[in-house]
Amino acid sequence: PIINQMKVLSCLRHKGLGAGAVDVRLWKHFQSTQLPDITPNSRGGQRLLTGMTKLKQLLSQLPEGVVTVENVGRNDTDITLEATRSLLVELCTKEVQALTTLVNQAMTKAGIAANQLYSVEVLGGGCRMPWVKEVLEKATQVATLSYTLDDTSAALGATLLLANFRKNPTSLSTTAILAGRTAEDTPTDLQRTLRESEQAMATLDQQLLQRSAILNQMEAHIL
C-alpha cells in the first residue's frame with residue numbers, strides 16, 4: 001500500500017557536493033598557506049588529506065578544531081593545523097551556494113512551497129556539518145531536520161522507487177533522471193584532478209611495493 005501511494009515530485013543532483021569536496025577545500029587552504037611543498041600525488045599529500053577529513057569531523061562537533069598531521073613538514077616533521085567553523089564556511093562558499101540553489105530548484109520543480117513541507121530527511125555523514133544544516137533549514141523553513149547517518153533510508157527509498165516503477169513504468173516519467181545523463185555527469189576540473197592524483201598515487205604505491213619486495217629478497221639473501 002505504501003508503494004502504490006508514493007510519487008516522486010522531483011529528482012535533482014549535484015555531483016560536486018559530496019563531503020569529499022570539503023576535505024579538498026581544507027587541503028588546498030593549508031597547502032597554499034603552510035605546506036607549499038606538498039603535492040597531491042605524494043604520500044604527504046595523502047596524509048594531509050586524511051588529516052583534513054579528521055579536521056572536518058571535528059568542526060562538525062566543535063567551533064574550533066586542531067589536528068596533527070605526521071611527516072608532512074620539512075624533514076618529515078609533524079605539523080599541527082587549526083581551523084574554525086567560520087573558516088570552513090568561508091572556504092566552502094561555492095558549495096553553500098550550490099546546495100542552496102539545488103534545494104530551491106528541487107522545490108520549484110516539485111511545485112511545492114516551504115510551508116507545505118511536513119518533514120525533511122537528511123542522509124549521509126555530510127549532514128553533520130553545521131553549514132549544511134543551516135542551508136537546509138533556511139531553504140525549507142523546517143526547524144527540526146531528521147538525520148540518518150547510515151544507508152538504511154537511502155536503500156529503502158531506492159527499493160520503493162524501483163518497486164513502484166516495475167509495477168507501472170509509465171507512472172514515473174521522471175525516472176529517466178535516474179538513468180539518463182545530465183550536465184552534472186560531466187567531470188569537473190577538480191574531479192579530473194583528483195582522479196589523476198589518485199591514479200598517480202596508485203602507481204607510486206605499486207612501485208613502492210615492488211621496491212619493498214626487492215629489499216626483502218636482498219635482506220633474506222644476506223641473512
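The values are calculated or read from the model by the stated rules, or taken from the named source; none is laboratory data. Remember, predicted model here, so these are calculated numbers, not experimental data. We place every Cβ from the backbone using ideal geometry, glycine too, and count neighbours over all the protein chains shown. Just the protein is used for accessible areas: all its heavy atoms, side chains included, with ligands, DNA and RNA removed. Shrake-Rupley method; radii C 1.70, N 1.55, O 1.52, S 1.80 Å.
With unit charges on the beta carbons (Lys and Arg positive, Asp and Glu negative) and the dipole taken about the Cα centre of region 20-140, which residue among 75, 20, 116 sits farthest to the positive side?
So the residue furthest toward the plus end is 116.
Amide H neighbours of residue 122 under 5 Å, at least 5 residues apart or on other chains, H built in the peptide plane: list them.
146, 147, 148
What nm value, rounded to one decimal, do you get for the distance between residue 80 and residue 221 when each label is placed 7 Å out toward the C-beta?
For the pair residue 80/residue 221, the computed spacing is 4.7 nm.
Sort 79-89, 211-221, 115-125 by the packing proxy (mean of other Cβ within 10 Å over each peptide's residues), most packed first. List each step's numbers first, then the result.
Values: 79-89: 16.1, 211-221: 9.5, 115-125: 12.3.
Descending packing order for the listed peptides: 79-89, 115-125, 211-221.
Efficiency by 1/(1 + (r/R0)^6): what FRET value for residue 10 and residue 89, r their Cβ-Cβ distance, R0 = 25 Å, to the nearest 0.05? Present the calculation step by step, with values, prior to reporting the outcome.
Details: r = 27 Å, r/R0 = 1.08.
With R0 = 25 Å, the Cβ-Cβ based efficiency is 0.40.
Please give the Cα centre distance for region 191-222 versus region 1-78, rounded to the nearest Å.
24
Give the carbon-plus-sulfur fraction of the accessible surface of region 38-125 in %, rounded to a whole number; probe 1.4 Å, heavy atoms of protein chains only.
On the way: 2610 of 5230 Å².
Carbon with sulfur: 50 percent of the solvent-accessible area.
If DNA, RNA and ligands are ignored and the probe is 1.4 Å, what is the ranking of 15, 56 by accessible area, most exposed first? Walk me through the numbers on the way to the answer.
Working: 15 100, 56 25 Å².
These residues rank, largest area first, as 15, 56.
If the cut-off is 14 Å between C-alpha atoms, which aspartates and glutamates fall inside it for residue 54, apart from same-chain ones fewer than 8 positions away?
Straight-distance partners of residue 54: 23, 64, 70, 82.
Using a cut-off of 16 Å between alpha-carbon atoms, which lysines can reach residue 7, once sequence neighbours fewer than 8 places away in the same chain are excluded?
Correct list for residue 7: 109, 167.
Going by accessible area, probe 1.4 Å, with all protein chains left in place, what is the ranking of 37, 205, largest first? Provide the component values of the computation, followed by the final result.
Numbers: 37 110, 205 65 Å².
The most accessible residue leads, giving 37, 205.
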